[in-house]
């Protein structure tokens, strides 16, 4: 057997990984290039939009990347993971509460989720945080109360907590049967190597920079995580910009009028592709509610737009294995429809 033939498998593996690393950048470039052929100004606007969005989320990205790299380099990831091995109910409740108070959007929460899962935090607690986070935060509560009223703001807050608790509980029940043992895709954190399982205890060295191997691990983890998040979030933000530009918000929300279950179901499904910034959507939904749109449909549209939008779904798909992605989408849709239905019932009875 020749030296060339011995090297061939390694070469093919290297080329395959190189292609997997670059295909997202190529897809983003292809989208912008195609748009530039027909609408150069929109291509420039989309590129600026994506760049500005990355800069806006940069503080959260840097914090999450540094946290993941620090935990791996020091060995603290095992301690963090073991902190979540107590009562599952308490961990799920804390995850939902933290999500309802955190200032993360559906894409911005991705790096923190990746860091938590790579540390070995159980998927159930992370899922509770993951689902609750994009729906509500303190500033959103104040604005929602001002535009749609305190009742709507409180209901949306309860929806965030309820969806987090529901998603975390369902995930926990399924995980007890052995499902989702490794939620992260291969090459992301410890995905593929038992990401949610507590790893063998290792000594914790807080001053990791004093050891060359730990310094090197910190650098490798930070760099690989940065590249991964940057390429997928760039694609998500480019798509978001095109959706905002080509799908008028008024046209989308105008389809949500009427009474009964159908408007709520329509709002749940329309909220998936029709991404609206949570703040920008409030006055539009408020105006339609004043014109007779069912409040439950308004609630469903706002929740779906934050949790299950296409940009968010792309980020989730890049991070998690297909079965976890499917679970996330299913929990989001079921929770969104249920929240709209319950809010409609409440407003009717009130």
Within the stretch 319-337, the residues that are more than 17 Å from residue 173 (Cβ to Cβ), in a helix (DSSP H, G or I) and touching a helix residue (DSSP H, G or I) at 6+ places or on another chain (Cβ under 8 Å) are 319, 325, 329, 332, 333, 336, 337
Pull up the stretch 83-111, narrow it to residues that are crowded, with 24+ Cβ neighbours inside 10 Å and part of a helix (DSSP H, G or I), then point me to the one that is modelled with the highest pLDDT. 92
Mind listing whichever residues of the stretch 338-350 are modelled with pLDDT of 90 or more and not in a helix (DSSP H, G or I)? none
Give the residues of the stretch 212-229 that are surrounded by fewer than 15 Cβ atoms within 10 Å (Cβ to Cβ) and in contact (Cβ under 8 Å) with a residue 40 or more places away in the chain, sorted by residue number. 215, 219, 227
Residue check: is residue 282 modelled with pLDDT under 80, under 23 Å from the mean Cα position of the chain (by Cα) and under 26 Å from residue 27 (Cα atoms)? no
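Residue-wise test of (1) more than 18 Å from residue 62 (Cβ to Cβ); (2) modelled with pLDDT of 85 or more.
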residue: 172; (1), (2): yes, yes
residue: 187; (1), (2): yes, no
residue: 204; (1), (2): yes, no
residue: 224; (1), (2): no, no
residue: 241; (1), (2): yes, no
residue: 246; (1), (2): yes, no
Please work out if residue 59 is farther than 30 Å from residue 119 by Cβ, exposed (fewer than 13 other Cβ atoms within 10 Å of the Cβ) and either more than 22 Å from the chain's Cα centre (by Cα) or at pLDDT 75 or above (or both). no
Which ones in the stretch 122-159 are part of a loop (DSSP other than H, G, I, E, B) and surrounded by 24 or more Cβ atoms within 10 Å (Cβ to Cβ)? 122, 133, 134, 135, 136
From the list 274, 320, 267, pick out the single residue that is crowded, with 22+ Cβ neighbours inside 10 Å and at pLDDT below 70. 274
Condition first: over 21 Å from residue 133 (Cα atoms) and part of a helix (DSSP H, G or I). Now tell me which residues in the stretch 163-183 satisfy that. 173, 174, 175, 176
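The values are calculated or read from the model by the stated rules, or taken from the named source; none is laboratory data. Every value quoted in this text rests on a predicted model; they were computed, and no experiment measured them. In this analysis, Cβ positions are derived from the backbone assuming ideal geometry, glycine residues included, and neighbour counts consider all displayed protein chains.
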